[in-house]
């Protein structure tokens, strides 16, 4: 299944796994050279278009080719992506004969020469869910060789001392045959068209190559023999875990442990034995646990090695391979022939080289590694109730698309005053351009984001700056490269890829819930539970991860079927118990660990997790995702009818703690501003539809009526800058949504970076959102009232929102009552604030005050605007410990004629670098006012700012 090199699946893709179809086909002419036109014909009656969801006869060829030595395979450059095949490869439907055809010349179509063999299959435009045929192969050239026995690329399992018969024949006349065993010639036969040889008394694993030469052309056929070593039963040392166990006192040794129930024997093949293991590298079997293990000796401290397991089942069930060569399921670093060549050296310097001649991932082993020197070893996590989680996709955060980008932007996070970063999955996933939910190795870091120490550096830096780090972890499923999938797989076409077989101890053969993604883990299995616990332990202990966002927790049940939404969305006791067991394990490692479930389910099940162990010290309890995008979309559009009560715990009265993680935007939902721009209210004086300025104005108000509601909150990256690109934006900037299934959407596509390339922080219309949200975050995390109670109401219409936050246990001399007003109309309106009492109330954003004599006296609020009033000034804002310039941007910088500021200001003074005052602007200025500096000499200056509250700050400025 060549699709495995291209798959970029998203966790909510609904997939119906089906057995791949065997279709009828022909190649005309049957024998051809690479520069000769050929026609492939597929019989329509053998293809179930309806099963694949195909309409309009939209079938496509997915193709690849091998070089003449059958070693180097490449995808056809016109394939497109697995989810979106190129129209170049669309098959022509011939209604009269009910056939599909495509005609091409191989060396042109595949864009290469010296082709020895081509491969292809038929698929739907989006091939997700195994909407494809079997793999098909055709030899290239009039001179072709057929290996009759054994099967090409097969591994024959024998007892020591057995024989192997090799037979082959060729076309186009006689040829010379040369049989090599482990690189050494053992038999030749010249000037024949038929070859037979019996290799006798084979006592060791042997890799064969049969080289057949005609004129100057040589074609090779590969196969191998695996000798049953007779597994030795021997107890392994105590304290060993699955995967690599490094010997701390002796860096020349390491012990490998593998759980492989029902398997007969296992070899370890690696760089230390040239991938030709002898019986010395046959794993022993622990008689108590049944685990295979092997101690490697003679290793060099600090030297990078790599290996695979050769896992053998001599009596495998139908369609399940007897031999699987696989990387270690518990790898912490893997090398991949599919992904590594496209990872820049700047992202991963000195990446180990993938071993020549091997296939699929290999596990990296390195003794004597130097531990990362953690700087912050005493990080205290923010309280769950105060969390402001910043969800980020490393790939789309900045142009280098790696961990270093986030490290370089630490001031961006600090100034925004968030206190947690949630990284979408960073575990080894299939392909490089992915959201990460198509995980294949859950303990390995994906190299496309950088090496291990870079993630640790990012975590260390975040902790030093008071920011927790949460990982999004996808343990509902895994994908085709996953070793536990492959060791027990159904692989009828023998290509080394497949879905779980009925013997698989980790996976279901079909999903036991209605949100099928990849291969569905069976979380009732003891094996799966131990795997999950080991994975979570690794990230908590090795990387000091502060919490996990558990993806798709609805899938952690065994009680439902793939199409039964009612069952999946109903209370499932096994799911409740399993997830409690997993969080118990995490809390046993870190009592303050954050557990966040993306369940999006019913209260009767969620409350059991939300209230679980909440009374303990430290308090536990699971935070639940509270998705509110649809309601905030209504507000963004300027329409009535929104109910945003679900943004906080009041919508879940049975939750004992303020732990609902509410959010207006996330990676899986359309951007609010894009929705407003494309379907917003087009009426009124301030239409949202097709009016970026009006849409941007609303984002500050969105933040005011979401972030400030008590309970943890989440920000999807760049919402704080008013990101208006659709989540369906393609890498070229166009927008392609799910509404056209034949063309494929761009939801998972790599996104452009306008927030940096267009300097959005220097854009007053966008930086004002950032600065306002920054203030909201300060209020949220530093003012006690925002851990209190709240009500959400409206003034006659839901376009006029009122959030009342209060804590009556606080003294009257402190901020204990807050009234937040938001006008989401497309007109300027007045709103009844319904103050709880009369007296002096303070605008928390600028410190100004009003004398309230009538609590019902209306307050004017501009379209898309907001007001925040408190019974006392906010000490966190009025006595700010931060520089005024953290919330004001000076631009352009450098400049030759003038500069502007992103916010209003009272006074501006310009000083030389030696401290001489050379220019002053007094009297108050609005945002974006042009301050002329054309008369200044070229050089570096300091611009001192003073606002209406006499708060000050200084910005360095360069005059060109």
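Does residue 495 meet the test of being part of a helix (DSSP H, G or I) and surrounded by fewer than 24 Cβ atoms within 10 Å (Cβ to Cβ)? So residue 495 does not fit the description; no. Within the option set 355, 329, being under 15 Å from residue 482 (Cα atoms), in a loop (DSSP other than H, G, I, E, B) and modelled with pLDDT of 95 or more holds for one residue only, 329. Scanning region 815-842 for residues that are surrounded by 21 or more Cβ atoms within 10 Å (Cβ to Cβ), closer than 23 Å to residue 863 by Cβ and in contact (Cβ under 8 Å) with a residue 40 or more places away in the chain yields 818, 819, 820, 821, 822, 823, 824, 825, 826. Per the conditions (1) touching a residue at least 12 places away in the same chain (Cβ under 8 Å); (2) in contact with a strand residue (DSSP E or B) (Cβ under 8 Å, 6 or more places away or on another chain), the sole criterion not satisfied by residue 755 is (2). In region 306-324 there is no residue that is assigned to a helix (DSSP H, G or I), over 30 Å from residue 134 (Cα atoms) and touching a residue at least 12 places away in the same chain (Cβ under 8 Å).
Looking at this structure, is residue 918 in contact with a strand residue (DSSP E or B) (Cβ under 8 Å, 6 or more places away or on another chain), modelled with pLDDT of 85 or more, assigned to a strand (DSSP E or B) and under 22 Å from residue 768 (Cβ atoms)? For residue 918, the condition - in contact with a strand residue (DSSP E or B) (Cβ under 8 Å, 6 or more places away or on another chain), modelled with pLDDT of 85 or more, assigned to a strand (DSSP E or B) and under 22 Å from residue 768 (Cβ atoms) - is not met. Of the numbered criteria (1) assigned to a strand (DSSP E or B); (2) outside the structural domain of residue 357 (by TED's automatic domain parsing), the one residue 256 fails is (2). (1) part of a loop (DSSP other than H, G, I, E, B); (2) more than 30 Å from residue 167 (Cα to Cα): which one isn't true of residue 276, the others all being true? The number of the failed condition is (2).
For region 657-679, what are the residues that are over 20 Å from the mean Cα position of the chain (by Cα) and without any contact (Cβ under 8 Å) to a residue 60 or more places away in the chain? Across region 657-679, the qualifying residues are 660, 662, 664, 672, 673, 674, 675, 676, 677, 678, 679. Out of curiosity, is residue 345 under 30 Å from residue 265 (Cα atoms), part of a loop (DSSP other than H, G, I, E, B) and without any contact (Cβ under 8 Å) to a residue 40 or more places away in the chain? Considered against the rule, which asks whether it is under 30 Å from residue 265 (Cα atoms), part of a loop (DSSP other than H, G, I, E, B) and without any contact (Cβ under 8 Å) to a residue 40 or more places away in the chain, residue 345 comes out as no. In a residue-by-residue description of region 602-624, the property of being surrounded by 22 or more Cβ atoms within 10 Å (Cβ to Cβ), touching a strand residue (DSSP E or B) at 6+ places or on another chain (Cβ under 6 Å) and in a loop (DSSP other than H, G, I, E, B) applies to at least one position. Right, residue 595: assigned by TED's automatic domain parsing to the domain that holds residue 391, closer than 28 Å to residue 727 by Cβ and touching a helix residue (DSSP H, G or I) at 6+ places or on another chain (Cβ under 7 Å) or not? Spelling it out, residue 595 is indeed assigned by TED's automatic domain parsing to the domain that holds residue 391, closer than 28 Å to residue 727 by Cβ and touching a helix residue (DSSP H, G or I) at 6+ places or on another chain (Cβ under 7 Å).
Could we say that residue 116 is surrounded by 21 or more Cβ atoms within 10 Å (Cβ to Cβ), assigned to a strand (DSSP E or B) and assigned by TED's automatic domain parsing to the domain that holds residue 54 here? Spelling it out, residue 116 is indeed surrounded by 21 or more Cβ atoms within 10 Å (Cβ to Cβ), assigned to a strand (DSSP E or B) and assigned by TED's automatic domain parsing to the domain that holds residue 54.
Going through region 139-175 one residue at a time, which ones are touching a helix residue (DSSP H, G or I) at 6+ places or on another chain (Cβ under 9 Å) and surrounded by fewer than 18 Cβ atoms within 10 Å (Cβ to Cβ)? Reasoning before the result, please.
Going through region 139-175, the residues touching a helix residue (DSSP H, G or I) at 6+ places or on another chain (Cβ under 9 Å) turn out to be 140, 160.
Across region 139-175, the qualifying residue is only 160.
The values are calculated or read from the model by the stated rules, or taken from the named source; none is laboratory data. Computed from a predicted model, the values in this text were never measured in an experiment. Every residue, glycine among them, receives a Cβ derived from its backbone with ideal geometry; neighbour counts consider all protein chains shown.
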